[in-house]
Amino acid sequence: MIAEKRYSSAHPFLILLLMGLGLAQALFAHLRPGDGFTGGAIVALALLAVTMKNEEARLASPVALVLFEGVGLAAFLVLSFLGMGATLMYNVLVGRGGVFGGTLPAGHNGGQLFTSGTIALFNLSVVLIAAGALGRMARAFFLADSQEVDR
Amino acid sequence: MRDLTLVAVLVLFAAGLAGVVFSQDRRKRVMALFFLQSSAVFLFVSLGYRQGGRPPLFTLMAEGGPMALPSAQAMATSFLILSSVTVALLLALAFFLPRREGTIRGERKGRSR
């Protein structure tokens, strides 16, 4: 017989909190410990909390997760080759103004969020890759757990 | 303070090593392995300790004063995520293999040890 397993649900506020925490890990990565990979793992936890409750969501095809991973990898590749005129992964956006290209004032300062150039974008693409990959891994565990014959 | 954290690292390491060596249960072995990894993470973070230092957040840098080493803590966060992923994978193996083999012990059936 197929074992029916019930998992408890997570509060939507907790899920939003996890999502925001994961994105903040990536965005603030140049100012403090933390990186895109840890942010992606936290976002994957949030996705896990969503799909844990819903049987249909657990059995749905992982095309969204594969899309996450593919878009993240493509963004990483494009960003890597953007600065190919100088060298691979050259930071083309830094110091140019715009959203991520702010200029850091000289001297002792508190660090500013939007001055990292392509570093934040690299970290955000790594968030997509890690969330897709770890989410698919968790999905595989759940499928194996719910479809096994119960002894 | 430094000595206390080193003692804690040693205790964690000894507990993990004892679990890996002496435990027969696969699940307990995996968790003991996590103890070993945690002791390494704790050692990294304690190496970055500075007397009276502030947490390594560069948004607080303007207030001055010494700061704990950020590189050790950055490595520790990555290391924690990686070790949690590997422990998840190993735990999944430890839980799914018994359904095939019929035993949670790491030995094969019908063979004396």
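The values are calculated or read from the model by the stated rules, or taken from the named source; none is laboratory data. Please read all numbers here as calculations on a predicted model, not as lab measurements. Every residue, glycine among them, receives a Cβ derived from its backbone with ideal geometry; neighbour counts consider all protein chains shown. SASA here: full protein model, heavy atoms, side chains in, ligands and nucleic acids out. Shrake-Rupley method; radii C 1.70, N 1.55, O 1.52, S 1.80 Å.
Brief remarks on what is shown
- Rounded Å value of the spacing that divides the Cα centres of the stretch A:66-114 and the stretch B:47-77: 25
- Database remark: amide H of B:Arg54 closer than 5 angstrom to the amide H of B:Met67, B:Ala68 (H placed geometrically; neighbours at sequence offset of 5 or more, or on other chains; Pro and chain starts carry no H).
- Simple spin-label estimate for A:Tyr90 and A:Leu104 gives 2.0 nm between the two label positions (7 Å along the Cα-to-Cβ direction from each Cα).
- Shielding value for B:83-96 is 2, the average number of Cβ atoms from other chains within 10 Å of each residue's Cβ.
- Inter-chain shielding of A:38-44 (mean C-beta neighbours from other protein chains, 10 Å cut-off): 3
- Take the Cα of B:Asp3, step 7 Å toward its Cβ, do the same at A:Leu113, and the gap between the two points is 4.5 nm.
- Accessible area of chain B belonging to carbon and sulfur atoms, whole % at 1.4 Å probe: 69
- On the principal axes of its alpha-carbon atoms, the protein assembly as shown has extents of 71, 51, 39 Å, going from largest to smallest.
- Legend: mean number of C-beta atoms from other chains within 10 angstrom of residue C-beta atoms, peptide B:47-56, equals 1.
- Overall dimensions of chain B by Cα: Rg and Dmax, Å: 19.1, 67
- For the stretch A:112-141, a reduction of at least 30 Å² in accessible area between the chain on its own and the assembled protein chains (probe 1.4 Å) is found at A:Met137, A:Phe141.
- Residue-by-residue Karplus 3J(HN,Hα) for the stretch A:35-50, coefficients 6.51, -1.76, 1.60, Hz, glycine and proline x: 8, x, 5, 5, x, x, 5, 5, 5, 5, 4, 5, 4, 4, 5, 6
- For the stretch A:12-147, the Kirkwood radius over C-alpha pairs fed into Stokes-Einstein at 25 °C and 0.890 mPa s yields D = 152 µm² per second.
- A 1.4 Å probe run over the protein chains yields, for the protein assembly as shown, 60 Å² of accessible area per residue, whole-number rounding.
- Neighbour cut-off at most 15 other Cβ (10 Å), DSSP loop, chymotrypsin sites (Phe, Trp or Tyr not before Pro), the stretch B:49-80: B:Tyr49
- R0 of 45 Å, Cβ-Cβ distance A:Phe13-A:Val66: FRET efficiency to nearest 0.05: 0.95
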